[in-house]
Amino acid sequence: MLKVSEVLKVKGNTLFTATPEALVSHAIETMSAHDIGSLVIMQRGQLVGMLTFREIIRHLNSNQGALADVSIGEIMDRKPVSVSPDTLANEVQQLMLTHHSRYVPVIEGEMLLGVISFYDMAQALAAAQKFENSLLKAYIRDWPNETAPNKST
């Protein structure tokens, strides 16, 4: 079965982070420039939260668009759901659906290894299904013919 560590290998290791003190306006610039939907919020080498467009939109909705001096720490998700590299893909998929999380940090011990997005999971699962399908088709093509001699008595 597909594990998170395999998804991370295919995805690559680029990771965008910010601190809780950084301004949300700077986070939006970073997210827009790199076409990403989340930032991992780190403080003293530790994961302290996630900032996604969901938190930004919620803040904009509740504060009539005020973002001028808002820090990331004020609006970030302080308890993001996280997984380990050994977590199975179907478990990650279920966690994402249950918690409505589009981005999930991957942590081993205290070390942040990356972030898996809903898109990453969909892409990995589709590739795994395609591979499995090709194996099944090859197996069916190579099905042994049962041409045992006909014994008459």
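Taking the criterion of being more than 21 Å from the chain's Cα centre (by Cα) and of a type in the set (A, V, I, L, M), would at least one residue in the range 35-58 satisfy it?
No: zero hits.
Within the range 54-99, take every residue that is charged (D, E, K, R), in contact with an Asp or Glu (Cβ under 9 Å, 6 or more places away or on another chain) and more than 22 Å from LEU8 (Cβ to Cβ) and give me the one that is surrounded by the fewest Cβ atoms within 10 Å (Cβ to Cβ). Quick ask: steps written out before the conclusion?
Taking the range 54-99 and keeping what is charged (D, E, K, R), we get 54-55, 58, 69, 74, 77-79, 86, 91.
Next cut, in contact with an Asp or Glu (Cβ under 9 Å, 6 or more places away or on another chain) only: 54-55, 77, 86.
Among the residues that remain, those that are also more than 22 Å from LEU8 (Cβ to Cβ) are: 54-55.
Working: ARG54: 17, GLU55: 19.
Per the stated criteria, the residue is ARG54.
For residues that are part of a helix (DSSP H, G or I) and at pLDDT below 90, scanning just the range 65-92, find the one that is farthest from PHE16 (Cα to Cα).
From the range 65-92, those part of a helix (DSSP H, G or I) are 72-75, 89-92; that's our starting set.
Checking the rest, the ones that are also at pLDDT below 90 come to 89-90.
Details: ALA89: 23, ASN90: 25 Å.
The residue in question is ASN90.
Could you please find all residues in the range 1-33 being in a helix (DSSP H, G or I) and of a type outside the set (A, V, I, L, M)? Give the steps one after another, and end with the answer.
Filtering the range 1-33 down to residues in a helix (DSSP H, G or I) leaves 4-11, 24-33.
The answer is SER5, GLU6, LYS9, LYS11, SER25, HIS26, GLU29, THR30, SER32.
Pairs, please: C-beta under 9 Å, at least 6 apart or cross-chain, first residue free of Cβ contacts under 8 Å to residues at least 60 places away in the same chain and in the range 3-19, second basic (Lys, Arg) and surrounded by 17 or more Cβ atoms within 10 Å (Cβ to Cβ)?
Final answer for the pair search is none.
Of the residues in the range 100-118, how many are free of Cβ contacts under 8 Å to residues at least 60 places away in the same chain and either under 13 Å from VAL4 (Cα atoms) or surrounded by 15 or more Cβ atoms within 10 Å (Cβ to Cβ) (or both)? Explain how you work it out, then say what you get.
Restricting attention to the range 100-118, the residues satisfying the condition of being free of Cβ contacts under 8 Å to residues at least 60 places away in the same chain are 100-101, 104, 108-109, 111, 118.
When the remaining residues are screened for being either under 13 Å from VAL4 (Cα atoms) or surrounded by 15 or more Cβ atoms within 10 Å (Cβ to Cβ) (or both), the result is 101, 104, 108, 118.
Going through the range 100-118 one residue at a time, the tally reaches 4.
Counting only residues that are surrounded by fewer than 17 Cβ atoms within 10 Å (Cβ to Cβ) and either assigned to a strand (DSSP E or B) or modelled with pLDDT of 95 or more (or both), how many does the range 34-53 have?
3
Pairs needed: first member in the range 53-82, aromatic (Phe, Trp, Tyr); second member anywhere, in a loop (DSSP other than H, G, I, E, B) and surrounded by fewer than 17 Cβ atoms within 10 Å (Cβ to Cβ); C-beta distance under 6 Å; at least 6 residues apart or different chains.
PHE53/GLY37
The values are calculated or read from the model by the stated rules, or taken from the named source; none is laboratory data. Remember, predicted model here, so these are calculated numbers, not experimental data. Reconstructed Cβ throughout: ideal geometry from the backbone, glycine too, with neighbour counts over all protein chains shown.
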